[in-house]
Amino acid sequence: MPTSRERVLAALRHEETDRVPIDLGSHASSTIAVLAYMKLREYLNLDQDELPKMYNTWGQYCDVQEEVLERLGCDVVPLHRAISSFSIYNDGDWKEWTLIDGSKCLVPVEFTPEKDSDGDWQWFENGQMIAKMPGAGLHGFTLFWSPMEGEPTREKIDKLLASENNNFISRIKTSDREVKYLESESVRLRDTGNTRAVLFQHGGTILENAQGIFGWDEIFVRCITDPDLVHYFLSALTELHIETLKRTLDAAGEVIDIIQFGDDLGMQGAPLMDTDMYREIFLPYHKKMFTFVRENYPNVHVMLHCDGAVFDLIPDMIEAGMQIFNPLQSDCEGMDPARIKRIYGDKITFWGAGCDTHGTLVRGSLTQIREDIRRRIQILAPGGGFVFNQIHNVLGEIPPQNVLAMIDAAHEFGQYPIEREAPLEELETKYADYWKESWRALEAEGVR
């Protein structure tokens, strides 16, 4: 029987082994909210005093602990950056934190949000409220302030990118402290006999950093009215990313199998920009980073996490050097798994699309969850090039029995050899109206 790492690497080579690899928790867009996670631990009769670390306080995501990885049969573990949220290091001391349902987890001691008069959580830096989280909500923080919005200039760009350890710069740059942390984590993973694939969540966002720093509207306006300024920013940003890539991969690259980049280029119904704007403004910088990794660290596979309706951009992503596409958000316009597997299945690996978290996982019955996963696996798994992962994160309101049903179905239907019910061209037609609201389609079919 192959190890988990061997299973994942075979999938990336488009080879079949004993079963489809499974991921839950390897990065902050493939994981589980701490609220849902604590319910899952309770459902599995695991000790609730073994508190998980909420490493991503922005999104409220925690590490999936070893006993849960083992119970679920997961094949991937994360290697985090030393800073995952705001400007808070994850390599220091931790403290208890109480969630809205009364359950507890651990957070870094520097996580000190303030409550406003409405009971919502706010995050301040240098006296400026930059992010906010509903006090009674199930999800994480939302950015409320962008440092360049309204009056971006080259001087302001230079000043911001020269700054250190704030929310907008701490994951663009690295530090001696982070390098030492990654070196120690590399030793830990090697010396403890880890047999799972290791995914390094680098981030390296181009568009999303521009959105956060300029403002969502501002960056797209500037792409049209002042593209030279945008290129000035993106060029300097990319150089910082590459410097960070070199230092972090030199520190831990010997244990890293996959590096995750992230940039959400799509909305539910269309890309955020047309192909011409992507090719002119953003693609060159993706290509520069991906090429740097592939040329200098050939054993590290390049993943791009990209939400939304981005079918028209996939050829450009592949040309840029993307080897793994995550999450294949099948409920978006044009993101038909059968069509995308048919066209691109021999070129890239699909890491995701395993279960519809918008609909079936949260609204469906256990029978519907099982059938949804059966259909997806028989489309995506044959021939390898597929790692099972739900579409984005398991959020706080999703019941634990649904999470377990999802993973159990991945094991049940992910055993190789896997045969399709029909050729991919026929499955495109058969399931053409299925993907946007799969749980409703199953209900209409009488699957209850």
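The values are calculated or read from the model by the stated rules, or taken from the named source; none is laboratory data. What you see is a predicted model, and the numbers here were worked out from it, not measured in a lab. In this analysis, Cβ positions are derived from the backbone assuming ideal geometry, glycine residues included, and neighbour counts consider all displayed protein chains.
Return yes or no: is Val68 among the hydrophobic types (A, V, I, L, M, F, W, C) and surrounded by 15 or more Cβ atoms within 10 Å (Cβ to Cβ)?
On the way: among the hydrophobic types (A, V, I, L, M, F, W, C): yes; surrounded by 15 or more Cβ atoms within 10 Å (Cβ to Cβ): yes.
Here the answer is yes, as Val68 does meet what is asked.
Of the numbered criteria (1) over 20 Å from Asn393 (Cα atoms); (2) touching a helix residue (DSSP H, G or I) at 6+ places or on another chain (Cβ under 8 Å), the one Gln60 fails is (1). Entry remark, segment 410-446: residues being of a type in the set (A, V, I, L, M, F, W, C) and surrounded by fewer than 16 Cβ atoms within 10 Å (Cβ to Cβ) number 3 in total.
In segment 97-125, how many residues are hydrophobic (A, V, I, L, M, F, W, C) and closer than 20 Å to Val64 by Cβ?
The initial filter retains those residues of segment 97-125 that are hydrophobic (A, V, I, L, M, F, W, C), namely 97, 99-100, 105-107, 109, 111, 121, 123-124.
Filter once more, keeping what is closer than 20 Å to Val64 by Cβ: 97, 99, 105-107, 111.
Of the residues in that region, 6 qualify.
For segment 123-172, which residues satisfy the criterion of being surrounded by fewer than 18 Cβ atoms within 10 Å (Cβ to Cβ), of a type outside the set (A, V, I, L, M) and closer than 16 Å to Ala236 by Cβ? The answer is Thr153, Arg154, Glu155, Lys156, Asp158, Lys159, Ser163, Glu164. Note on segment 80-117: among residues that are crowded, with 19+ Cβ neighbours inside 10 Å and in contact with an Asp or Glu (Cβ under 6 Å, 6 or more places away or on another chain), the one that is farthest from Ile259 (Cα to Cα) is Ile88. Restricted to segment 155-236, the set of helices (runs of 4 or more DSSP H) holding at least 3 residues that are at pLDDT 95 or above, in contact with a helix residue (DSSP H, G or I) (Cβ under 8 Å, 6 or more places away or on another chain) and under 16 Å from Ile83 (Cα atoms) comprises 176-191.
All of (1) more than 18 Å from Pro271 (Cβ to Cβ); (2) aliphatic (A, V, I, L, M); (3) in contact (Cβ under 8 Å) with a residue 60 or more places away in the chain hold for Val362 with one exception: (3). Looking only at residues of segment 133-153 that are more than 18 Å from Ile206 (Cβ to Cβ) and outside any loop (DSSP other than H, G, I, E, B), we find that the one that is nearest to the chain's Cα centre (by Cα) is Thr142.
Would you point out the residue of segment 165-206, among those that are of a type in the set (A, V, I, L, M) and in contact with a His (Cβ under 7 Å, 6 or more places away or on another chain), that is farthest from Pro147 (Cα to Cα)? Only one residue tops the list, namely Leu199. Of the set (1) touching a residue at least 24 places away in the same chain (Cβ under 8 Å); (2) closer than 20 Å to Val107 by Cα, all apply to Glu50 but (1).
The number of residues in segment 390-446 being within 24 Å of Leu35 (Cα to Cα), assigned to a helix (DSSP H, G or I), in contact (Cβ under 8 Å) with a residue 40 or more places away in the chain and not hydrophobic (A, V, I, L, M, F, W, C) comes to 3.
Scanning segment 259-278 for residues that are out of contact with any Leu (no Cβ under 9 Å at 6 or more places or on another chain), in a helix (DSSP H, G or I) and either closer than 25 Å to Arg247 by Cα or in contact (Cβ under 8 Å) with a residue 24 or more places away in the chain (or both) yields a single hit, Met277.
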